[in-house]
1. Among 150-157, 125-132, 177-184, how do they line up from the highest to the lowest mean number of other beta-carbon atoms within 10 Å?
2. Roughly what % antiparallel, to the nearest 5, for the DSSP beta bridges in the chain?
3. Would you mind calculating the relative contact order of the chain from Cα pairs under 8 angstrom and at least 6 residues apart, reporting the percent as a whole number?
4. In debye to the nearest 20, how big a dipole does the chain give about its Cα centre with +1 on each Lys and Arg Cβ and -1 on each Asp and Glu Cβ?
5. With charges only on Cβ, +1 for K and R and -1 for D and E, what is the dipole size of the stretch 193-255 about its Cα centre, in debye, rounded to 20?
6. For a quick check of understanding: with a 1.4 angstrom probe and all protein chains in place, what accessible area in square angstrom does residue 211 have, to the nearest ten?
7. Would you calculate a helix-derived [θ] at 222 nm for the chain, using -39,500 (n - 2.57) for each DSSP H run of n ≥ 4 and dividing by the full residue count, to the nearest 500?
8. If I fit a long axis through the Cα atoms of helix 203-212 and take the longest principal axis of the Cα atoms of the chain, what angle between them do I get, 0 to 90°, rounded to 10?
Amino acid sequence: MIHTTYARDSRRPGVRRPVRTVAALLLATVTACGPSGSSDGKDEKSVLHDTVFIGGKTDQPGFNLHAAHTDRGLEVDLANYLGRELDFNPKFHDVVSAKREQELKERSSALVIATYSITPDRERQVDFVGPYLVTGQGFLIREDYQGLKTEKDVAGKVICTAEGSTSAVAQLPRGTTRHIETDYSTCVRKLQAEAVDAVFTDEALLYGFVEQQKNSKVPLRVAPGITSGQINRYGIGLRKGHTADCKKLLRALHTYLTEEWAADVKAQLPALVHAYPGDWENRFRPDPEDLNRYSSCET
């Protein structure tokens, strides 16, 4: 494929016919490649300036909770850090799990920071920078519930999870009934109303709900020692074709993991820190060297 710089290089004094020939060939090549912004090898214009609209799950305590006209959580802290480092103003709006790829493709958001696990299928549709958190999957239950003590107990239970999430397609024991909602906050309400037996998703996310509901009429806990599904690595999603932006985010995230991450997790996810005293960083903090491995761009 001809790169656009070839056409620019041919625009020098005294060379006329080759310009028309190269330009015509370039136009035909781009047309044949389709509408993708990166199909001709040209990086798209940066989106990391002024106000940057970010798709987030604004009902997830510990990560991003919108209340009283304020956004609070680990992902909000991360977005604010990136904004300071890269000189833009982050502005969140709500997106559900099943619509995250669409949010980027339709340019409704420049970035998605929404407990967005990096998976091969998603990487075929969008680019990722990350991970900024690593977590296994677990089960959230009512504090007084005694029906889920081992992995075998999951069979026969009604388990709530969210549409479009990795938990929605994870393998569960035969006989388990999977109840699908659009978001986890709805699952939590159903759990507290005893309409489902447990909520199944990423363990780190579950601890956010534990903290939020600790003083409610129906407090919650994470079922100890019961795991299922895969290890998830949260990444920042962006539309394909923004390699320069990807690299800027990658460099900033690397610094964030080493300088800011631990303090933000302590502040925003205290129940998680309390559950793994002395070991929470080993469990949930990514190795900064893994950023190049799992990100779509390279430094």
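1. The peptides rank, most packed first, as 125-132, 177-184, 150-157.
2. Looking only at bridges with both residues in the chain, the antiparallel portion is about 60 percent.
3. 23 percent.
4. 1140
5. Dipole size: approximately 500 debye.
6. Counting only protein heavy atoms, residue 211 exposes about 60 Å² to solvent.
7. After summing the helix terms and dividing by the residues of the chain, the value is -10000 deg cm²/dmol.
8. Rounded to the nearest ten degrees, it is 60.
The values are calculated or read from the model by the stated rules, or taken from the named source; none is laboratory data. As the structure is a prediction and not an experimental result, all values here were calculated from the model. Positions of Cβ are generated from backbone atoms using ideal geometry, with glycine treated the same way; all protein chains shown enter the neighbour counts. The area values use the complete protein model at the heavy-atom level, side chains included, leaving out ligands, DNA and RNA. Shrake-Rupley method; radii C 1.70, N 1.55, O 1.52, S 1.80 Å.
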